[in-house]
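Here is the structure we will look at.
The values are calculated or read from the model by the stated rules, or taken from the named source; none is laboratory data. Owing to the predicted nature of the structure, the values given are computational and were not obtained by experimental measurement. Reconstructed Cβ throughout: ideal geometry from the backbone, glycine too, with neighbour counts over all protein chains shown. When the accessible area is computed, the model is the full protein with side chains, heavy atoms only, and any ligands, DNA or RNA have been set aside. Shrake-Rupley method; radii C 1.70, N 1.55, O 1.52, S 1.80 Å.
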Amino acid sequence: RCMFAWLKLMVSFIAMCFASHGAALGDKDASDDAQPKWPSMFPCPPDVLGFTSRFAKLPDGSSMHYVERVSLSRMQTSLPPLVLVHGWPDSWRSWLRVLPLLPDDRRILAIDQLGYGESSKPGDFDSYIIPSKAKQLGMFLEEVRVGPKIQLVGHSMGSFVAWQFAADRPAHVEALILIGTGTTGATPAIVAGNAQLQPLEAESYEFIRDFQYSGFVDLAAAGPWFPPTTVYESMRVPLYVWKMGTLGIMNVTTAHAERVVPKITARTVVVRGEGDALFPEADSRRRLLSLLTSAESAEFVSVANTAHNVQWEALGAAAVARLIQSQFAGEVGADAGAMAAPQQLLGSGSMLAPRTLALTAAAAAA
């Protein structure tokens, strides 16, 4: 109850900030639907959430932007740092709805992968294939001295990077949450989307807006500031990065996953929004879980009333935050008593009987 009351205060504060500052980015003609109309004080600065914006210089000369919050708790904690890796074509702000819900008991870092957000944007295709992305993550963690162990969360493209990194460096990853994931990036939906993307000669606000807004199950409930945030962040991504990033995702094959995923030793939770149209349930639930043969534990969780971008929905973000707090405390397969407030759990949480997190607004307010 206290957590959600605090969250309401945080949302109110952000809204107040938006209302009290000039709309430097919102001077477009309001009658033109094809032009950006940003809220005031936009996008939300990290310090509003208690995070600090930083840059790390990687050995290859590129610059990786990230936001960080050190542990604010006076109590000693043995929890490893938490690292969040966004999907395509997003940024650290893909986690905006999750970050305020996370406790202050550990160091938290959310990165802008190379090509996205405020990080460097390489022009070579090799920088956008998943094994390279995992190496970039490793260079970043070494540069900012994170470790020796971490707990890792990845979404979509970021989930591929996360499982690749966890397989490349199994001794460094204690726990892993993979959201909107699978064994291959060449799913029918992604292949079809790529066919529409590659011929484009220029980005447009309307195209990006329609693309990002289609990722919400309940756009109206997402509020006035977060959906435009997803559009704004994607508009900062050059078209060549959109194209090479998609090809890099499609470069992930089931054969590659079959070679790599069995090397993962971390306890792992695979999270899928029930309405995910990009990654079929059979791929994320059956194929991927079946490959986690060396993992300390492996669990599939389906989140009701969400699609591919689970953490973008208000209730989905609460579910992800709850999973991070419970699973990363070493409680895989936690009983209903530990998780049922505010979630209702259906199923045992095992690989054969996956949990369904049905988080309702009434429960969230309780």
Q) Which of the residues belonging to the stretch 205-256 are open to solvent by 10 Å² or more (accessible area, probe 1.4 Å), within 21 Å of G117 (Cα to Cα) and among the acidic types (D, E)? A) E206, D210
(Q) Could you go through the stretch 274-289 and let me know if any residue there is open to solvent by 50 Å² or more (accessible area, probe 1.4 Å), over 20 Å from T187 (Cβ atoms) and part of a loop (DSSP other than H, G, I, E, B). (A) no
Q) Within the stretch 132-157, how many residues are at negative phi, among the charged types (D, E, K, R) and not in a helix (DSSP H, G or I)? A) 1
Q: Quick one: count up the residues across the stretch 107-131 that are part of a loop (DSSP other than H, G, I, E, B) and either at pLDDT 95 or above or crowded, with 19+ Cβ neighbours inside 10 Å (or both).
A: 14
Q. Pick from the stretch 36-85 the residues that are part of a loop (DSSP other than H, G, I, E, B) and of a type in the set (F, W, Y): which of them is modelled with the highest pLDDT?
A. F51
Q: Examine the stretch 173-185 for a residue that is in a helix (DSSP H, G or I) and at pLDDT 95 or above, and state whether such a residue exists.
A: no
**Q.** Check on S159, out of contact with any Ser or Thr (no Cβ under 6 Å at 6 or more places or on another chain) and among the hydroxyl-bearing types (S, T, Y)
**A.** no
Q) Would it be correct to say that A202 is farther than 30 Å from A166 by Cα, open to solvent by 20 Å² or more (accessible area, probe 1.4 Å) and part of a helix (DSSP H, G or I)? A) no
